[in-house]
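Undergrad: Quick one: the structure is below, questions incoming.
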Number of protein chains: 2
Amino acid sequence: MNPATPHHAGIPPIPDYPATPTVGDFAEHELIATITDIAPSARNGDDAAVIDLPNPAARSVITTDTLVCGRHFRHDFSTAYEVGHKAVVQNVADIVAMGATPQALLLALALPRTLPIAWITDFASGIAAMLDHYAIELVGGDITISDTLVIGVTATGTITGPKPPLTVTGARAGQHLLASGAIGHSAAGLDLLSHFGRNHIPPALAPLVTHHCAPRPAPGRGAVARATGASAMTDNSDGLIRDLTVIATRSGITIELYPDALQPDPLLQHAATLLGKDPQTWTLHGGEDHTLLAVSPTEQTHGFRVIGKTLPKGQHPILLNGKPPASTGGWDSIRSTSHTQTPHR
Amino acid sequence: MNPATPHHAGIPPIPDYPATPTVGDFAEHELIATITDIAPSARNGDDAAVIDLPNPAARSVITTDTLVCGRHFRHDFSTAYEVGHKAVVQNVADIVAMGATPQALLLALALPRTLPIAWITDFASGIAAMLDHYAIELVGGDITISDTLVIGVTATGTITGPKPPLTVTGARAGQHLLASGAIGHSAAGLDLLSHFGRNHIPPALAPLVTHHCAPRPAPGRGAVARATGASAMTDNSDGLIRDLTVIATRSGITIELYPDALQPDPLLQHAATLLGKDPQTWTLHGGEDHTLLAVSPTEQTHGFRVIGKTLPKGQHPILLNGKPPASTGGWDSIRSTSHTQTPHR
């Protein structure tokens, strides 16, 4: 006999939330109501949610992702609102990166009994804010008890029209590499948090921390890239070099990055000077910006800038200044250590 | 400052699996390959999976569910194969209960570093067996590290034709209550496991334990119920009375159960005698059989039997022998204690 021996250590107190009541003080339907009151949907509440498609030729697009407390977020770095906000963004980014239009969200929560209920309501408010941002709906989910706080998010979207979805296998040689948002800001924000703590961030650098804790990609960019002819797309979640290496190897091409386009901006330079770090580590290996990276024949695409080009397959998947980047770095879901230590994710 | 302090206690050894190698010995793409080698799909491997619908009028149906080790399963009660098997069944049951046809699965795993890799491959084989059973595909997912083993499953399905999906709000008075499989077997199996341990189950009662660890509902029954006119359906996951109470209250009716149709069968009687328990506790409050419960004007529906009828809304949502059942019992995801103790889930 070898009975399961769950931990019952509970969780340390969380700053800024009243310690009681906690999850363990509520029944399942009451806990569900704390979330659905903030993010209501007529499609929620049955065994499964039925999703109508916008037109007869539409296809459904689906992705799922998990956030583990202490690994993907920390209570002393991020508020519950920010955890909810980011949980939506990082999942919807994967829908958007297919060139699809986001549509619905499901939320599977495994919660410690000792988690303050105020954390849940703040978390739900962060979820709801991003539901508004993307014009999508929370249509279902599941709540259960666990010693580790684990947040599972499933996002769906739709893709219409005759053009194919934008996969990591669709890149061709002789095209442009486009990017739609900041690169390296999230990793710099995490290093600032590790160094200064949340309450002592230099005010001028607060945008980097916000970019880490609550990234806010402009909505609609993925569909724009698809409309203007992009054939491959991903978001930089695990680090620029790592994510582009996936596109290059899966598509059978080489990607050449333009060094000028990857120069650290003043915010990154300021943070690097203060922390005594090389800002290129953030830019090349940081990840978690959820910035779209697209390969397209079209240089001019609304909201995107050119950061490189694609070549026929060469000796290396990625070139920077004529040679492969020094380290492939980046985030590995299994091998990388948690948010509490470098390397970044 | 209040840094997250994850547990690093690891997990106790799991019977029948070699202790090494473990999850921590592999990179993310290697771990993903241990699963996709066993359950391959051309749609897997991108940011999100694109799902074509079978015809232009089809709607998409989606559900998600979480299994936490020590709460929803125990290593000394269930093999990894059975955990994988049941993870698929309990999610697909929610798709089937809408009258939909299952289509695709996503798997989000949060794994302790110390989990033997042999557990993962056996788990994936159990998943794959049920993918075959339902003729569906594993199209995506996510793997990360957690001190608690948490399995998140998302299932999708499609619903076609002009009839509405079968919701918990669709029941009307003056109809039949139908059931499609065993009721109470899973709870009896769990009690047998708790009493005898997995290796000392009386052979004649092994089917009850199998029903608990690896339930196998006949596929296609949900679509049959919808085709023959059922208007409401659910599966008994939390206990017969609890699940029927949801239909009765949400639909605004009363459900009268036929006592003769709920008599314990010889297997339940045998187990009850051996354990000195009242078999009606299993039947009325056990749950986890994932048996379909449908309200339909049609008495004769392939694979279903009549176990009650619906009445205009009365004083109580459920009647048995003319009065409400003694206890509403059943499983509450938050309040109920884990699988290691009664009450059942």
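Undergrad: Taking the range A:25-35, which residues are more than 24 Å from the chain's Cα centre (by Cα) and more than 7 Å from chain B (Cβ to nearest Cβ)? Full working, then the answer.
TA: From the range A:25-35, those more than 24 Å from the chain's Cα centre (by Cα) are A:25-34; that's our starting set.
Those that are more than 24 Å from the chain's Cα centre (by Cα) and more than 7 Å from chain B (Cβ to nearest Cβ): A:Asp25, A:His29, A:Glu30, A:Ile32, A:Ala33, A:Thr34.
Undergrad: Tell me yes or no: at least one residue of the range A:261-281 is assigned to a helix (DSSP H, G or I), touching a strand residue (DSSP E or B) at 6+ places or on another chain (Cβ under 8 Å) and in the same structural domain as A:Gly181 (by TED's automatic domain parsing).
TA: Yes, the range A:261-281 contains at least one residue that is assigned to a helix (DSSP H, G or I), touching a strand residue (DSSP E or B) at 6+ places or on another chain (Cβ under 8 Å) and in the same structural domain as A:Gly181 (by TED's automatic domain parsing).
Undergrad: Any idea which residue in the range B:36-61 is surrounded by the fewest Cβ atoms within 10 Å (Cβ to Cβ), counting only those that are outside any loop (DSSP other than H, G, I, E, B), within 7 Å of chain A (Cβ to nearest Cβ) and touching a residue at least 12 places away in the same chain (Cβ under 8 Å)? Please lay out each step first, then the result.
TA: Applying the first criterion (outside any loop (DSSP other than H, G, I, E, B)) to the range B:36-61 yields B:36, B:49-51, B:59-61.
Applying the additional criterion that residues be within 7 Å of chain A (Cβ to nearest Cβ) yields B:49-51, B:59-61.
Add one more test, that the residue is touching a residue at least 12 places away in the same chain (Cβ under 8 Å), and what stays is B:49, B:51, B:59-61.
Working: B:Ala49: 27, B:Ile51: 20, B:Arg59: 18, B:Ser60: 27, B:Val61: 27.
So the residue we want is B:Arg59.
Table: residues versus (1) modelled with pLDDT of 95 or more; (2) buried (at least 24 other Cβ atoms within 10 Å of the Cβ).
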| residue | (1), (2) |
| --- | --- |
| B:His133 | yes, no |
| B:Gly140 | no, yes |
| B:Val153 | yes, yes |
| B:Lys163 | no, no |
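Undergrad: Residue by residue through the range B:209-225, note down the ones that are surrounded by 23 or more Cβ atoms within 10 Å (Cβ to Cβ) and more than 18 Å from the chain's Cα centre (by Cα).
TA: Selection gives B:Ala225 alone.
Undergrad: Another one. Among the residues of the range B:198-221, is there at least one that is over 21 Å from B:Thr63 (Cα atoms), in contact with a Phe, Trp or Tyr (Cβ under 6 Å, 6 or more places away or on another chain) and not polar (S, T, N, Q)?
TA: Taking every residue of the range B:198-221 in turn, at least one turns out to be over 21 Å from B:Thr63 (Cα atoms), in contact with a Phe, Trp or Tyr (Cβ under 6 Å, 6 or more places away or on another chain) and not polar (S, T, N, Q).
Undergrad: Sort out which residues of the range B:138-192 are more than 8 Å from chain A (Cβ to nearest Cβ) and hydroxyl-bearing (Ser, Thr, Tyr), and write them in order of number. Lay out the reasoning, then the answer.
TA: Step one: of the range B:138-192, the residues more than 8 Å from chain A (Cβ to nearest Cβ) are B:138, B:149, B:151, B:153, B:158, B:160-164, B:166, B:170-192.
Answer for the range B:138-192, where residues must be more than 8 Å from chain A (Cβ to nearest Cβ) and hydroxyl-bearing (Ser, Thr, Tyr): B:Thr158, B:Thr160, B:Ser180, B:Ser186.
Undergrad: If I go through the range A:232-260 residue by residue, how many of them are within 13 Å of chain B (Cβ to nearest Cβ) and more than 14 Å from the chain's Cα centre (by Cα)?
TA: Summing the residues that are within 13 Å of chain B (Cβ to nearest Cβ) and more than 14 Å from the chain's Cα centre (by Cα) in the range A:232-260 gives 9.
Undergrad: Is it the case, given these coordinates, that B:Ile51 is closer than 30 Å to A:Asn44 by Cβ and out of contact with any helix residue (DSSP H, G or I) (no Cβ under 7 Å at 6 or more places or on another chain)?
TA: yes
Undergrad: Return the pairs, sorted by first residue and then second, in which the second residue is part of a helix (DSSP H, G or I) and hydroxyl-bearing (Ser, Thr, Tyr), the first residue lies in the range B:211-230 and is modelled with pLDDT of 95 or more, the beta carbons are less than 8 Å apart, and the residues are 6+ apart or on different chains.
TA: Cβ pairs passing all conditions: B:His211/B:Ser186; B:His212/B:Ser186; B:Ala214/B:Tyr81; B:Pro215/B:Ser186.
Undergrad: Can you name the residue in the range B:106-137 that is more than 10 Å from chain A (Cβ to nearest Cβ) and assigned to a strand (DSSP E or B) and is also farthest from B:Ile159 (Cα to Cα) among such residues?
TA: So, considering only residues that are more than 10 Å from chain A (Cβ to nearest Cβ) and assigned to a strand (DSSP E or B), the one farthest from B:Ile159 (Cα to Cα) is B:Pro116.
Undergrad: Out of the residues in the range B:70-105 meeting the condition of being closer than 21 Å to B:Pro54 by Cα and in a loop (DSSP other than H, G, I, E, B), tell me which one is farthest from the other protein chains (Cβ to nearest Cβ).
TA: Among them, the one singled out is B:Gly99.
Undergrad: Report whether or not B:Ala206 is under 21 Å from the mean Cα position of the chain (by Cα), free of Cβ contacts under 8 Å to residues at least 24 places away in the same chain and not in a loop (DSSP other than H, G, I, E, B). Step through it out loud before you land on a result.
TA: Working: under 21 Å from the mean Cα position of the chain (by Cα): yes; free of Cβ contacts under 8 Å to residues at least 24 places away in the same chain: yes; not in a loop (DSSP other than H, G, I, E, B): yes.
Criteria met by B:Ala206.
Undergrad: How many residues are among the aliphatic types (A, V, I, L, M) and in contact with a Pro (Cβ under 9 Å, 6 or more places away or on another chain) when one looks only at the range B:33-52?
TA: Applying the first criterion (among the aliphatic types (A, V, I, L, M)) to the range B:33-52 yields B:33, B:35, B:38-39, B:42, B:48-51.
Keeping just the survivors that are in contact with a Pro (Cβ under 9 Å, 6 or more places away or on another chain) gives B:48, B:50.
Within the range B:33-52, residues that are among the aliphatic types (A, V, I, L, M) and in contact with a Pro (Cβ under 9 Å, 6 or more places away or on another chain) number 2.
The values are calculated or read from the model by the stated rules, or taken from the named source; none is laboratory data. Bear in mind that the values here come from a model prediction, so they are computed numbers and not experimental data. Don't worry about glycine lacking a Cβ; one is built from the backbone with ideal geometry, like all the others, and counts go over all protein chains shown.
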